[in-house]
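A.B. asks: One structure follows; several queries about it will come next.
What follows draws every value from the coordinates through simple rules; no lab data is involved. All of these numbers come straight from a predicted model, not from anything done at the bench. Every residue, glycine as well, gets a Cβ built from its backbone with ideal geometry; the counts of neighbours run over all protein chains shown.
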């Protein structure tokens, strides 16, 4: 049987998820950098056809208790994984959808970022060729994959922009070659807590896999709830083990879908 976790630090052994645990766990999956390999731009990621098949099978094994918890809007998740629709948290928890047939709703405390911040942000990025920004309504994602030598300078300018805005409700997180400006009122940890309060997730042991700083609130919540959190690429706080890359996560999902250990 294939193991579902990739490895641990020295002397640590979180234990595998047994085949009969599928009826007792709630599975939460980040998307970019976790299920999917990163690309130069978010709109050119590749979704392997077999991944959708495995997601369907894994959802069925968990009696529906499988959700996507992503920085992308829920509508983008539906587009990526069409025709599959899953329970989901989008834009780092600003959007929540408990029933796959429903439209997403805004989380408590989630509201659009100020238009003045968007305008000021676009002015800043004119000084950094190769960067671009996504307006996700509840967050702004600044991508610098094609301007990596300017990462430190860009971070400093964005920090200065937030300081000049003088709004402590807004924070900045770092992802892979991206900075995300978002309100503190929502995060992936709160999103997972909200999903765990609804069927079919309620009463189950949470399992969460993510890959970057934006997932760390989720790792903390899942671990505090007695669940298992796994990171991708490198070990992060509150995680039990680490997957080497998204291909290893997809193998984990396939094993879970097949009923392996």
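A.B. asks: According to a simple spin-label model (label point 7 Å from Cα along Cα-to-Cβ), what is the distance in nm between residue 23 and residue 163?
C.D. replies: Roughly 5.8 nm, to one decimal.
A.B. asks: In the Gaussian network model of the chain, springs joining C-alpha atoms below 10 Å, which of 210, 189, 90 carries the largest mean-square fluctuation?
C.D. replies: Its mean-square fluctuation being the largest, the pick is 189.
A.B. asks: Using only Cα positions of region 115-183, each an equal point scatterer, no hydration layer, compute I(q)/I(0) via Debye at q = 0.11, 0.14, 0.16 Å⁻¹ and quote the log10 values to two decimals.
C.D. replies: For the requested q values the scattering log ratios are -0.21, -0.35, -0.46.
A.B. asks: So how do 244-256, 98-110 stack up, highest first, on mean other-Cβ count within 10 Å?
C.D. replies: Descending packing order for the listed peptides: 244-256, 98-110.
A.B. asks: What is the pair-distance distribution P(r) of region 61-200, computed from all Cα-Cα distances in 10 Å bins starting at 0, with each bin given as a whole percent?
C.D. replies: Going out from 0 Å in 10 Å bins, region 61-200 shows 11, 39, 30, 16, 4, 0 percent.
A.B. asks: Below 8 Å, C-alpha to C-alpha, sequence gap of six or more: please give me the relative contact order for region 115-183 in percent.
C.D. replies: Relative CO of region 115-183 lands at 31 percent.
A.B. asks: Moving on to the next point. How compact is region 27-125 by the rule of thumb for globular proteins, expressed as Cα Rg over 2.2 N^0.38 Å?
C.D. replies: Dividing the Cα Rg of region 27-125 by 2.2 N^0.38 Å gives 1.20.
A.B. asks: Which one, 30, 123, 211, has the greatest fluctuation when you compute a Gaussian network model over the chain with C-alpha springs under 10 angstrom?
C.D. replies: Top of the fluctuation ranking is 123.
A.B. asks: Let me ask something else about it. Give the separation of the Cα centroids, region 151-223 to region 47-87, in Å.
C.D. replies: Here the two parts' Cα centres lie 21 Å apart.
A.B. asks: Picking from 70, 231, 197, which is most flexible by a Gaussian network model of the chain using Cα springs under 10 Å?
C.D. replies: 197
A.B. asks: Based on the Cβ-Cβ distance from residue 103 to residue 153, what FRET efficiency comes out when R0 is 41 Å, to the nearest 0.05?
C.D. replies: In this case the efficiency is close to 0.55.
A.B. asks: Now for a separate question. Note down, for the chain, the three equivalent ellipsoid semi-axes (square root of 5 times each alpha carbon gyration tensor eigenvalue), biggest first, whole angstrom.
C.D. replies: 31, 19, 17
A.B. asks: Here's a follow-up. Rounded to the nearest 0.05, what FRET efficiency do residue 56 and residue 224 give with R0 = 45 Å and r taken as the Cβ-Cβ distance? Could you check?
C.D. replies: Calculated value: 0.90.
A.B. asks: Starting from the Kirkwood Rh over alpha-carbon pairs, what translational D in µm² s⁻¹ does region 142-261 have by Stokes-Einstein at 20 °C and 1.002 mPa s?
C.D. replies: 132 µm²/s
A.B. asks: Show that you can apply the helix-only estimate: for the chain, add -39,500 (n - 2.57) for every DSSP H stretch of four or more residues, divide by all residues, and state [θ] at 222 nm to the nearest 500.
C.D. replies: Helices in the chain give a 222 nm mean residue ellipticity of -9000 deg cm²/dmol.
A.B. asks: Using alpha carbons only, how many degrees (0 to 90, rounded to 10) separate the axis of helix 49-61 from the longest principal axis of the chain?
C.D. replies: The angle comes out at about 60 degrees.
A.B. asks: From Cα pairs below 8 angstrom and at least 6 apart in sequence, can you work out the relative contact order of region 136-261, rounded to a whole percent?
C.D. replies: Over region 136-261, the number comes to 16 percent.
A.B. asks: Out of all DSSP beta bridges in the chain, what portion is antiparallel? Express it as a percent rounded to 5.
C.D. replies: Taking every DSSP beta bridge within the chain, about 50 percent pair in antiparallel fashion.
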